[in-house]
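Enquirer: This is the structure I want to talk about, given as structure tokens.
The values are calculated or read from the model by the stated rules, or taken from the named source; none is laboratory data. Just so it is clear, the structure is predicted and the values come from calculations on it, not from any experiment. Cβ placement follows ideal geometry from the backbone for every residue including glycine, while neighbour counts extend to all protein chains displayed. Ligands, DNA and RNA are stripped out before the accessible areas are found, and what is left, the full protein with its side chains, is counted by its heavy atoms. Shrake-Rupley method; radii C 1.70, N 1.55, O 1.52, S 1.80 Å.
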Amino acid sequence: MNRPNITATTASQFKKVVESRRSVRKFTDEAIPEDVVQQCLDWGLAAPNSSNLQMWNFYRVTSPAGKKAMAVNCMNQSAAKTAAELIVCTGSTRNWKKHTRMMLSYWPQERIPKLVKTYYEKLTFINYSTPPVDPFGVVGNAKKTLRDVVGLVQPIARWPNTEEDMKAWASKSVALACENIMLGFRAHGYDTCAMEGFDEARIRKQCKLKKGEFVVMVIAAGRCAENGLYHDQFRFERERFIHEI
Ligand SMILES: Cc1cc2nc3c(=O)[nH]c(=O)nc-3n(C[C@H](O)[C@H](O)[C@H](O)COP(=O)(O)O)c2cc1C
């Protein structure tokens, strides 16, 4: 488990990538080389994710007709219409059980650390078991109340308790993967635009999403056109957001 040597040069390259990333709304018609796309997707999969349960999927739209339909489903936004690549990034609230079993079988039985075994055999089930359908929130409220009662005497994870919580849970990890993908494209000199302006029902149908799967964002990627940036980047003052406690 040797780690590569990280130097000031690496940091200055990282600065270049992070600080030059912008949301681009118009792309040229240049294609992105296949190896670049695949590497960026791999970098997405390398993102940190909750319990390493990898509750994500990435649907790269490959056919011209599919891209056209996806652009329509992204409200005909110009970023979508002009993109060389469109990647639908989804989360799942339901694949964690299967992935828990996959996690356990990844380790040879004789070498699996006890903590890992207990975590994936017991704790994930306690933590992530939520009913996909819970009329009137009976089960979710019961689970939340139980956690709050235990929380009176010791620290305890207070959620997820509902399907909505599970969506938020999976979304965090998917969003991290999305950022890796977008920074990856930037590192290769390409640009992206994350999009949440889309018709989820139509994208569900187009990507044939499974039960419990939902769209977190669609990433448009390509080479920035001359008029692809609409304005300079700005943020509110950092004191508003960065706090020392
Ligand atoms: C989750 C998410 C959804 C977004 N949805 C859209 C979108 O639908 N259309 C769009 O043009 N930009 C979209 N953006 C881009 C933001 O508007 C943009 O990141 C923000 O204005 C800051 O600009 P910058 O990315 O150039 O720094 C989205 C960004 C994120 C992170």
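Enquirer: Restricting the range 11-38 to residues that are touching a Leu at 6+ places or on another chain (Cβ under 9 Å), open to solvent by 50 Å² or more (accessible area, probe 1.4 Å) and not in a helix (DSSP H, G or I), which is nearest to the ligand (Cβ to nearest atom)? Steps first, please.
Expert: In the first step, residues of the range 11-38 are kept if they are touching a Leu at 6+ places or on another chain (Cβ under 9 Å); the result is 14, 17-18, 21-26.
Restricting the remaining residues to those that are open to solvent by 50 Å² or more (accessible area, probe 1.4 Å) gives 14, 18, 25-26.
Checking which are not in a helix (DSSP H, G or I) leaves us with 25-26.
Numbers: ARG25: 5, LYS26: 10 Å.
Among residues in the range 11-38 that are touching a Leu at 6+ places or on another chain (Cβ under 9 Å), open to solvent by 50 Å² or more (accessible area, probe 1.4 Å) and not in a helix (DSSP H, G or I), the one nearest to the ligand (Cβ to nearest atom) is ARG25.
Enquirer: Whether any residue in the range 159-180 is away from the ligand (no atom under 16 Å from the Cβ) and exposed (fewer than 14 other Cβ atoms within 10 Å of the Cβ) is what I want to check. Talk me through it step by step, then tell me what you get.
Expert: Applying the first criterion (away from the ligand (no atom under 16 Å from the Cβ)) to the range 159-180 yields 159-166, 169.
Still in the list and also exposed (fewer than 14 other Cβ atoms within 10 Å of the Cβ): none.
No, because not a single residue in the range 159-180 is away from the ligand (no atom under 16 Å from the Cβ) and exposed (fewer than 14 other Cβ atoms within 10 Å of the Cβ).
Enquirer: Moving on. If you go through the range 187-203 one residue at a time, do you hit one that is over 23 Å from ASN73 (Cα atoms), surrounded by 13 or more Cβ atoms within 10 Å (Cβ to Cβ) and out of contact with any strand residue (DSSP E or B) (no Cβ under 7 Å at 6 or more places or on another chain)?
Expert: yes
Enquirer: Condition (residue is more than 30 Å from PHE185 (Cα to Cα), surrounded by fewer than 12 Cβ atoms within 10 Å (Cβ to Cβ) and of a type in the set (D, E, K, R)) applied to the range 91-100: is it met by at least one residue?
Expert: To start, the set of residues in the range 91-100 that are more than 30 Å from PHE185 (Cα to Cα) comprises 97-98, 100.
Of the ones still in play, those that are also surrounded by fewer than 12 Cβ atoms within 10 Å (Cβ to Cβ) are 98.
Filter once more, keeping what is of a type in the set (D, E, K, R): 98.
Yes, the range 91-100 contains a residue that is more than 30 Å from PHE185 (Cα to Cα), surrounded by fewer than 12 Cβ atoms within 10 Å (Cβ to Cβ) and of a type in the set (D, E, K, R).
Enquirer: Among the listed residues LEU41, LEU53, LEU45, which satisfies the condition of being open to solvent by 70 Å² or more (accessible area, probe 1.4 Å), assigned by TED's automatic domain parsing to the domain that holds TYR190 and in contact (Cβ under 8 Å) with a residue 60 or more places away in the chain?
Expert: The unique qualifying residue is LEU45.
Enquirer: Among ALA71, ALA80, which is the only one that is in contact with a Cys (Cβ under 6 Å, 6 or more places away or on another chain) and not in a loop (DSSP other than H, G, I, E, B)? Explain how you work it out, then say what you get.
Expert: Details: ALA71 fails: in contact with a Cys (Cβ under 6 Å, 6 or more places away or on another chain).
It is ALA80.
Enquirer: Still on this structure, please answer the following. Can you tell me how many residues in the range 130-149 are open to solvent by 50 Å² or more (accessible area, probe 1.4 Å) and closer than 26 Å to HIS99 by Cβ?
Expert: Qualifying residue count for the region: 6.
Enquirer: Which pairs turn up if I take residues in the range 57-69 that are of a type in the set (Gly, Ala, Ser) and look for partners that are open to solvent by 50 Å² or more (accessible area, probe 1.4 Å) with beta carbon separation below 8 Å, at least 6 apart in sequence or on another chain?
Expert: GLY66/GLN206; ALA69/GLN206
Enquirer: Still on this structure, I have one more. What helices (runs of 4 or more DSSP H) lie completely within the range 92-138 and have 2 or more residues being touching a residue at least 40 places away in the same chain (Cβ under 8 Å)?
Expert: Values: elements: 96-106, 114-118, 124-128.
Because the criterion is at least 2 residues that are touching a residue at least 40 places away in the same chain (Cβ under 8 Å), the helices (runs of 4 or more DSSP H) in the range 92-138 that meet it are 96-106, 124-128.
Enquirer: How many residues, within the range 194-245, are in contact (Cβ under 8 Å) with a residue 60 or more places away in the chain, away from the ligand (no atom under 11 Å from the Cβ), among the hydrophobic types (A, V, I, L, M, F, W, C) and outside any strand (DSSP E or B)?
Expert: 4
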